[in-house]
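Trainee: Sharing a structure below in structure tokens format, with a few things to ask.
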Amino acid sequence: MPNQGQASQYNVTPTFKPLRIALVGYRSAPHVGGQGIYIRHLATALKALGHHVSVISGPPYPALPSHIPLIALPSLNLYEHHNPLIALRPKHFKHLSDLYEWWGKMTGHFAEPYSFGRRLAQYLKVHRQDYDIIHDNQTLCYSLLKLPLPVVATVHHPITRDRDHAIETAKNRWHRWGTRRWYSFLKMQQKVTKQLPSVVTVSSSSQQDIEACFGRPSQQTQVIFNGIDTAFFSPQQYRVKREQELLATCSSDQPVKGFSVLLDAYAQLLKSKPTLLLKVIGKLNPKGANAQKLKALGLENKVQFVSGLSDKDMVIAYNKATVFVCPSLYEGFGLPIAEAMSCATAVVTSDGGALAEVAGDAALVVPAGNPKALALAIAQALDDETLRHTLEQKGRARAVEMFCWHSVAKQYAALYHQTIAAQTAASTQSSTPPTHTEQH
């Protein structure tokens, strides 16, 4: 909900002919990543424009407002199952989707996108007349190429970057082989991305990476920034900034998130700022490399990990932090820094992927993977109150101007109409018999 006394950015007047839109994601819960947040807010903003929006998703399911219908396509949901080996039941042998999903999990292959695509195709065979267009959220499954409806697909960034970083940091040959096996679904995503008529990404950086990694020319991919609810993520009246508190939202399990770099920078900062607190939104894998690094650096009791926060809790955390830090080696967009800027919190970020593009001149930007540069920039933001307030004001202004969901939804609505018109024209042309000039 927006703050009291502040109008929601979603309360707008419809500007396009209403469409029946299906937003599609193979897993869309907010806790599994930013894509679930993206689906929820885009659905809400499109609905506010007057469109009819449904979300079609596999589990774990998205958290949607009550006026946005969810079409649930159940899977085996093996990553949430206590023992995936015994998840297969006799009824599942009737469906290739279930068998493929289970076998993929047992052999180290991520099969959810492909299996979800088969279920989606089956659903639309029956319900094709309920929709005007399908908007896929990085499932990029083969079934999209055969659906009987116009399709727009969002590629937040090619996950080849995540794969490459994971392979580089693998402990041994067996681990590298397992990583390549798990990411083998990228071959499917590459083929589908190259063939889809309408593809969107969230930054110019990702646009270039899609060309480099997936082979789709940049000029064939449209850029539409991610949105944030700038009325909700905003400076709060109760706001009292804690002194010497850093906030970060980075997974300790994914090397591409740069958590190891942040730990090195934090260890440097503690030498001159012994009371400096680092709060991390996320869980620490007690058996992971970063847990060992925490111990080696003597930071076990210095870093505070918090998980399971609601959106309201996140707003509070952003507002109380002195500086928000994003150490990622690569991001296709960087939603947390946009949210922090929208809450008028000073941001220090790396230049990994699209982060510098999102930050603009409203944050301190340092080279990705450089803990010394990161520590120096954080110290500068902490020590220079005038600079910090300038970053807070610039960040809020940039978020409101560039990342409002209303603007994002209008751009998507225009693209939907263009895509539908293009497919209609192509269908009409292909169904019209050729004319022959009579020869005399």
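Trainee: Among the residues of the stretch 343-365 satisfying the criterion of being in a loop (DSSP other than H, G, I, E, B) and among the aliphatic types (A, V, I, L, M), which is nearest to the chain's Cα centre (by Cα)?
Mentor: A354
Trainee: Also, quick follow-up: Which residues, counting only those in the stretch 389-422, are free of Cβ contacts under 8 Å to residues at least 24 places away in the same chain and among the charged types (D, E, K, R)?
Mentor: E401
Trainee: Let me ask something else. Return only the number of the condition from (1) outside any loop (DSSP other than H, G, I, E, B); (2) within 24 Å of K257 (Cα to Cα) that A368 does not satisfy.
Mentor: (1)
Trainee: Please count how many residues of the stretch 369-387 are surrounded by fewer than 18 Cβ atoms within 10 Å (Cβ to Cβ) and among the β-branched types (V, I, T).
Mentor: Residues meeting the conditions: 1.
Trainee: Within the stretch 185-203, can you find the residues that are at pLDDT below 95 and either outside any loop (DSSP other than H, G, I, E, B) or hydroxyl-bearing (S, T, Y) (or both)?
Mentor: S203
Trainee: Hey, another quick one. Any chance the stretch 5-18 includes a residue that's at pLDDT 95 or above, within 24 Å of A421 (Cβ to Cβ) and among the basic types (K, R)?
Mentor: Among the residues of the stretch 5-18, not one is at pLDDT 95 or above, within 24 Å of A421 (Cβ to Cβ) and among the basic types (K, R), which makes the answer no.
Trainee: Quick one: would you say R242 is part of a loop (DSSP other than H, G, I, E, B), without any contact (Cβ under 8 Å) to a residue 24 or more places away in the chain and among the basic types (K, R)? Spell out the reasoning first.
Mentor: Working: part of a loop (DSSP other than H, G, I, E, B): yes; without any contact (Cβ under 8 Å) to a residue 24 or more places away in the chain: no; among the basic types (K, R): yes.
Answer is no for this residue.
Trainee: Quick one: which residue in A368, A373 is hydrophobic (A, V, I, L, M, F, W, C), closer than 24 Å to R242 by Cα, at pLDDT 95 or above and not assigned by TED's automatic domain parsing to the domain that holds H41? Steps first, answer last, please.
Mentor: Values: A368 fails: closer than 24 Å to R242 by Cα.
Result: A373 is the single residue among A368, A373 that is hydrophobic (A, V, I, L, M, F, W, C), closer than 24 Å to R242 by Cα, at pLDDT 95 or above and not assigned by TED's automatic domain parsing to the domain that holds H41.
Here's the yes/no breakdown for (1) under 22 Å from V408 (Cα atoms); (2) buried (at least 16 other Cβ atoms within 10 Å of the Cβ); (3) in contact with a helix residue (DSSP H, G or I) (Cβ under 9 Å, 6 or more places away or on another chain):
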{"position": "W174", "(1), (2), (3)": "no, no, no"}
{"position": "F185", "(1), (2), (3)": "no, yes, yes"}
{"position": "Q189", "(1), (2), (3)": "no, yes, yes"}
{"position": "L196", "(1), (2), (3)": "yes, yes, yes"}
{"position": "S203", "(1), (2), (3)": "yes, yes, yes"}
{"position": "Q207", "(1), (2), (3)": "yes, yes, yes"}
{"position": "I210", "(1), (2), (3)": "yes, yes, yes"}
{"position": "N226", "(1), (2), (3)": "yes, yes, yes"}
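Trainee: Name the single residue, out of those in the stretch 46-97 being of a type in the set (G, A, S) and more than 21 Å from R118 (Cα to Cα), that is nearest to the chain's Cα centre (by Cα). Steps first, answer last, please.
Mentor: Of all residues in the stretch 46-97, those of a type in the set (G, A, S) come to 48, 50, 54, 57-58, 63, 66, 72, 75, 87, 97.
Remaining after also requiring more than 21 Å from R118 (Cα to Cα): 48, 50, 63, 66.
Working: A48: 22, G50: 25, A63: 15, S66: 22 Å.
My answer is A63.
Trainee: Working only within the stretch 71-89, note down all residues that are surrounded by fewer than 18 Cβ atoms within 10 Å (Cβ to Cβ) and either outside the structural domain of R27 (by TED's automatic domain parsing) or assigned to a helix (DSSP H, G or I) (or both).
Mentor: Y79, E80, P84, L85, I86
Trainee: Oh, and also: Which of the residues that make up the stretch 321-337 are under 20 Å from D209 (Cα atoms) and part of a helix (DSSP H, G or I)?
Mentor: The one that is under 20 Å from D209 (Cα atoms) and part of a helix (DSSP H, G or I): L335.
Trainee: What residue, of A363, A409, is within 30 Å of I21 (Cβ to Cβ), surrounded by 23 or more Cβ atoms within 10 Å (Cβ to Cβ) and not basic (K, R)?
Mentor: Result of the check over A363, A409: A409.
Trainee: Take the residues of the stretch 299-313 that are surrounded by fewer than 20 Cβ atoms within 10 Å (Cβ to Cβ) and outside any loop (DSSP other than H, G, I, E, B): which is farthest from the chain's Cα centre (by Cα)?
Mentor: This residue is Q304.
Trainee: Of the residues S272, S251, only one is closer than 28 Å to K372 by Cβ, assigned by TED's automatic domain parsing to the domain that holds V303 and either charged (D, E, K, R) or without any contact (Cβ under 8 Å) to a residue 40 or more places away in the chain (or both); which? Quick ask: steps written out before the conclusion?
Mentor: Details: S272 fails: either charged (D, E, K, R) or without any contact (Cβ under 8 Å) to a residue 40 or more places away in the chain (or both).
Testing whether each residue is closer than 28 Å to K372 by Cβ, assigned by TED's automatic domain parsing to the domain that holds V303 and either charged (D, E, K, R) or without any contact (Cβ under 8 Å) to a residue 40 or more places away in the chain (or both) leaves just S251.
Trainee: Among the residues of the stretch 131-152, write down those that are in contact with a Ser or Thr (Cβ under 8 Å, 6 or more places away or on another chain) and either assigned to a helix (DSSP H, G or I) or at positive phi (or both).
Mentor: Those that are in contact with a Ser or Thr (Cβ under 8 Å, 6 or more places away or on another chain) and either assigned to a helix (DSSP H, G or I) or at positive phi (or both): Q138, L140.
Trainee: A further question on this structure: Which one of S54, S28 is in contact with a Pro (Cβ under 7 Å, 6 or more places away or on another chain), at pLDDT 95 or above and polar (S, T, N, Q)?
Mentor: Of S54, S28, the one residue that is in contact with a Pro (Cβ under 7 Å, 6 or more places away or on another chain), at pLDDT 95 or above and polar (S, T, N, Q) is S54.
Trainee: Out of all the residues in the stretch 90-102, which are modelled with pLDDT of 80 or more and either loosely packed, with under 14 Cβ neighbours inside 10 Å or within 30 Å of H51 (Cβ to Cβ) (or both)?
Mentor: L96, S97
Trainee: Looking at (1) at negative phi; (2) touching a residue at least 24 places away in the same chain (Cβ under 8 Å); (3) surrounded by 15 or more Cβ atoms within 10 Å (Cβ to Cβ), can you tell me which one G334 breaks?
Mentor: G334 satisfies all of (1) at negative phi; (2) touching a residue at least 24 places away in the same chain (Cβ under 8 Å); (3) surrounded by 15 or more Cβ atoms within 10 Å (Cβ to Cβ) except (1).
The values are calculated or read from the model by the stated rules, or taken from the named source; none is laboratory data. Since the model is a prediction, treat every value here as computed from it, not as a measurement. Glycine gets a Cβ as well: all are built from the backbone with ideal geometry, and neighbour counts include every protein chain shown.
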